[in-house]
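Everything below concerns the one structure shown next.
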Amino acid sequence: MLLYLEPSSNGLKRSSLELITAARAVAGGSTITGLVIGATEEQLAVAGEYGLQECIVITGTTPQQAGNSNVAKIIADTATELGTKTVLFAANSTGKDVAPRTAVRLQAAIIPDCVELHGTTGAIEAVRPVFAGKAFQRLSSTTPTTVFTLRPNVFTAKKSDAPVQTAVRSKTVTIGADVRTTVVTNTTLNQGSLDVAEADIVVSGGRGLKAPEHFNLVEDLANALGGAVGASRAVVDAGWRPHREQVGQTGKTVSPTMYVACGISGAVQHLAGMSSSKIIVAINKDKDAPIFKVADYGIVGDVFDVLPKLTAKISALTSHN
Ligand SMILES: Cc1cc2nc3c(=O)[nH]c(=O)nc-3n(C[C@H](O)[C@H](O)[C@H](O)COP(=O)(O)OP(=O)(O)OC[C@H]3O[C@@H](n4cnc5c(N)ncnc54)[C@H](O)[C@@H]3O)c2cc1C
């Protein structure tokens with residue numbers, strides 16, 4: 001099996017660790033191989049704890065320099081060299097772009113946005129949500145190679161009971177003239193703030209906040225809990241919050257330990273992005289709001305009254321620890 005892994009500042013992205021965990025369950029006897037572009041040995045140190053047997057480190061380029069079309073070529077060429085039957089990606093913004101390109105190059109079927117994998121490599125059945133999470137499809141493919149993308153935050157990353165020493169192999173790639181797009185500049189937004197898809201706690205706000213300047217109430221609770229700020233599409237469309245914070249069918253899928261929905265009605269498209277959260281807390285002044293149907297804890301109340309009190313209580317608790 002070949003896994004496309006992405007480095008983070010202190011190791012590998014959580015979505016990459018989820019890929020390794022998911023691969024362990026379906027690898028059967030086959031070797032789990034990672035492919036990562038431009039990671040250091042320190043960044044890869046964590047991979048063995050999760051059971052990654054070998055990793056190919058691509059040197060001589062970066063994903064930004066190469067562009068997604070060339071990243072797909074690198075992965076497809078490596079899959080062909082290895083005779084891989086299964087290629088896994090995270091269904092994040094990178095995976096959603098690179099995986100289909102890789103599948104085309106390999107003439108492979110692609111099964112996107114999987115939430116379960118069953119079987120063993122070469123004969124994997126995958127489950128994926130359809131109709132905004134109202135139904136699930138179970139799929140297998142008939143092509144010799146299959147590309148899967150796994151929905152982030154669904155396959156919980158777990159260290160292996162039998163950690164291994166990952167065998168690291170370098171492969172130098174030279175990108176020629178076939179670069180179709182070039183990254184001109186990279187701008188880091190909100191440096192230091194947590195990505196909603198990676199955070200363990202997410203506090204999201206909706207139209208119930210009434211105006212963008214009231215989002216400080218959501219930010220304060222998120223800070224007190226050490227979490228990230230999310231948003232409903234209604235407030236993103238209104239320009240109150242950036243699209244990167246949007247949770248839902250056309251935003252990000254999150255599955256944190258705790259999700260707090262503040263002034264969010266709980267439309268099916270919003271639920272599609274957060275209903276797999278471990279604990280859901282809803283604050284809404286309408287006791288019949290659909291969000292209460294999925295909430296583990298519900299507060300029927302006004303966000304302007306509840307949020308400052310909740311933040312003060314949590315800050316007091318955390319300051320005592
Ligand atoms: C194709 C498609 C894709 C979509 N994708 C997404 C998506 O990815 N993510 C997403 O979120 N939506 C998505 N939507 C939009 C979705 O249908 C809803 O319109 C949206 O989620 C509503 O956002 P909201 O809950 O903030 O606003 P509203 O539905 O207006 O709800 C506001 C809630 O706040 C409560 N409220 C009001 N005042 C207060 C107060 N003072 N205190 C407490 N509660 C209060 C109200 O009771 C209400 O329940 C999509 C829609 C379509 C058609």
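The values are calculated or read from the model by the stated rules, or taken from the named source; none is laboratory data. What you see is a predicted model; the values in this text were computed from it and never measured. Don't worry about glycine lacking a Cβ; one is built from the backbone with ideal geometry, like all the others, and counts go over all protein chains shown.
Here are the numbers for this structure:
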read-out: Residue within segment 72-90 that is farther than 22 Å from residue 170 by Cα and crowded, with 22+ Cβ neighbours inside 10 Å present; value: yes
read-out: Residue list for segment 242-257, restricted to those being assigned to a helix (DSSP H, G or I) and either near the ligand (Cβ under 9 Å from one of its atoms) or of a type in the set (D, E, K, R) (or both); value: 244, 245
read-out: Matching entry among 239, 230, 266 (being within 14 Å of the ligand (Cβ to nearest atom), touching a helix residue (DSSP H, G or I) at 6+ places or on another chain (Cβ under 7 Å) and in a loop (DSSP other than H, G, I, E, B)); value: 266
read-out: Tally of residues being surrounded by fewer than 22 Cβ atoms within 10 Å (Cβ to Cβ), of a type in the set (A, V, I, L, M), within 13 Å of the ligand (Cβ to nearest atom) and touching a residue at least 60 places away in the same chain (Cβ under 8 Å) across segment 204-227; value: 1
read-out: Single match in 224, 261, 272 (criterion: more than 15 Å from the chain's Cα centre (by Cα), assigned to a helix (DSSP H, G or I) and not basic (Lys, Arg)); value: 224
read-out: Considering residues of segment 123-152 that are among the small types (Gly, Ala, Ser) and touching a strand residue (DSSP E or B) at 6+ places or on another chain (Cβ under 7 Å) only, the residue nearest to the ligand (Cβ to nearest atom); value: 126
read-out: Hey, residue 135 under 25 Å from residue 77 (Cβ atoms) and without any contact (Cβ under 8 Å) to a residue 40 or more places away in the chain or not; value: no
read-out: Exclusive hit being without any contact (Cβ under 8 Å) to a residue 24 or more places away in the chain, part of a helix (DSSP H, G or I) and within 9 Å of the ligand (Cβ to nearest atom), set 305, 288; value: 305
read-out: Residue 115 being under 28 Å from residue 182 (Cβ atoms) and buried (at least 16 other Cβ atoms within 10 Å of the Cβ); value: no
read-out: Residue list for segment 308-321, filter: of a type outside the set (Ser, Thr, Tyr) and in a helix (DSSP H, G or I); value: 308, 309, 310, 312, 313, 314, 316, 317, 320
read-out: Criterion (surrounded by fewer than 19 Cβ atoms within 10 Å (Cβ to Cβ) and without any contact (Cβ under 8 Å) to a residue 24 or more places away in the chain) met by exactly one of 30, 9, 69; value: 9
read-out: Residue check, residue 283 more than 25 Å from the chain's Cα centre (by Cα) and within 15 Å of residue 203 (Cα to Cα); value: yes
read-out: Residue 273 vs. criteria within 9 Å of the ligand (Cβ to nearest atom) and either assigned by TED's automatic domain parsing to the domain that holds residue 133 or modelled with pLDDT under 95 (or both); value: yes
read-out: The one condition in (1) touching a Gly at 6+ places or on another chain (Cβ under 9 Å); (2) modelled with pLDDT of 95 or more that residue 180 fails to fulfil; value: (2)
read-out: Complete set of residues in segment 121-157 that are loosely packed, with under 15 Cβ neighbours inside 10 Å, modelled with pLDDT under 95 and of a type in the set (Lys, Arg); value: 134
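For (1) surrounded by 20 or more Cβ atoms within 10 Å (Cβ to Cβ); (2) in contact with a strand residue (DSSP E or B) (Cβ under 9 Å, 6 or more places away or on another chain), each residue gets a yes or a no:
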site: 255; (1), (2): yes, no
site: 260; (1), (2): yes, yes
site: 282; (1), (2): yes, yes
site: 289; (1), (2): yes, yes
site: 295; (1), (2): yes, yes
site: 301; (1), (2): no, yes
site: 309; (1), (2): no, no
